Amino acid sequence: MELEKHRLQERFNQEYPEIKEYSSNSGRKYQIDQAHMHGRFKGFMDLMREDLKIYNPEMSDDLVEALVTSGIVEGRNDEMKILNQNEKDTRNGKYQGSKCP
C-alpha cells in the first residue's frame, strides 16, 4: 500500500477514497472503509496473494489470506489474526513463511 501511495502521491486519496490511513506503534496502517464497496481492490489483493505464493510456494492459502488482509480488512476472525501474528513474531517458531535474515 505504501508503494501505491508513493506512486500516486496526491492522487492516492482520489483513486482510493475507501482507504483510511492511521498510525499505530508499528507504523502507518491502512484499512478499507467497510461503508464503501471494496470489490475494486480484488485485483490488487489478488496480486499480493500471487506474490506471496511465488515467494513462499508452500504457504497455506489460509495464511496467505491472513497476511493479505491484515491491517486492511476489518472483522477478521481470531484464527486469521493468530496466523498473522505467528508470521510477525518468528520467535515462537510457528511461522510458515521465509524468515528474513
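Numbers for the structure displayed
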| quantity | calculated |
| --- | --- |
| The chain: relative contact order as a whole-number percent, Cα under 8 Å and 6+ apart | 18 percent |
| Option label - Rg/Rh (Cα atoms, Kirkwood Rh) computed here, alternatives (i) 0.97; (ii) 1.02; (iii) 1.92 | (i) |
| Integer Hz, Karplus 6.51/-1.76/1.60 couplings in order for segment 60-66, x for Gly and Pro | 5, 4, 4, 5, 4, 4, 4 |
| Dipole in debye (nearest 20) - segment 54-93, about Cα centre, beta carbon charges: Lys, Arg +1; Asp, Glu -1 | 200 debye |
| Total charge dipole magnitude, the chain, about the Cα centre, Cβ charges on Lys, Arg, Asp, Glu only, Debye to nearest 20 | 280 debye |
| Nonlocal amide H pairs with K29, under 5 Å, H built at 1.01 Å | Y22, S23, S24 |
| Net charge, E4 excluded, C-beta distance under 11 Å - Lys, Arg +1, Asp, Glu -1 | +1 |
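Values in this text are rule-based calculations from the coordinates and carry no lab data. Bear in mind that the values here come from a model prediction, so they are computed numbers and not experimental data. FYI the Cβ positions are ideal-geometry reconstructions off the backbone, even for glycines, and counts take in every protein chain you see.
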